[in-house]
Amino acid sequence: MNSGFAVAPAIAVSCHSALVRGCPPALVSFLMNIHPENLFPGSRTEGLRVRTYSPKASEITRAWFVVDAEGMVLGRVATEVARILRGKHKPTYTPHMDTGDHVIVINADKIVLTSNKGDKLFVHRHSGYPGGLRTQSYGKLLANKPEEAVRGAIRGMLPHNRLGRQQLTKLKVYAGGVHPHAAQNPEPIEFTHAKAR
């Protein structure tokens, strides 16, 4: 190929692949003489910049959702709630900003663990002192403190930094079926795939 032609890189690649494939010389000559201005008339090929939209804090609107966790699998509910808290369901999702919505989880005491995970999985916490490790089964934690079990599962699916801690403040978990956030008019949301079979 002659380097004197003003050919766009994509066209140069297609010309080279056409030569390799054994394309007719007339077609190769035609491709070599195409200028980008002829492909896109009236458009500028130099200085064209695509701007990426990044939402400002004042432009973020937050909705309220309520999730009834009765008869649902803990891990499946936690992934969907974490997705809403992060804002990944919105087209304005930005990884380094908190664009998520508020989520209320009710009936946390009726959430389900599959495959006897209540006895197989354990929750560990440490006081920071020697010999201060405390271990508890997930089933026992769900029986005693269901809000803490659900919150811990969701917290593990959020970023482990300041952003994740800020997103976790939008989560409200209640063991019963009543919540004090009726003034926010939360919209009920269902996760059909999270139901225990």
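So, of the residues in segment 164-188 that are hydrophobic (A, V, I, L, M, F, W, C) and surrounded by fewer than 16 Cβ atoms within 10 Å (Cβ to Cβ), which turns out to be farthest from Asp98 (Cα to Cα)? Out of the qualifying residues, it is Val178.
Report yes if Val178 is in contact (Cβ under 8 Å) with a residue 40 or more places away in the chain, closer than 14 Å to Glu70 by Cα and among the hydrophobic types (A, V, I, L, M, F, W, C), otherwise no. The answer is yes for Val178. Of all the criteria given as (1) under 22 Å from the mean Cα position of the chain (by Cα); (2) surrounded by 15 or more Cβ atoms within 10 Å (Cβ to Cβ); (3) modelled with pLDDT under 95; (4) not charged (D, E, K, R), the one not satisfied by Thr192 is (2). Restricting the first member to segment 112-124 and to residues that are in the same structural domain as Glu148 (by TED's automatic domain parsing) and over 24 Å from His193 (Cα atoms), and the second to residues that are outside any strand (DSSP E or B) and among the aliphatic types (A, V, I, L, M), the beta-carbon pairs closer than 7 Å and six or more apart or on different chains are Val123/Leu141.
The values are calculated or read from the model by the stated rules, or taken from the named source; none is laboratory data. Since the structure is predicted, the reported quantities are computational estimates derived from the model, not experimental observations. Positions of Cβ are backbone-derived with ideal geometry, glycine not excepted, and every protein chain shown enters the neighbour counts.
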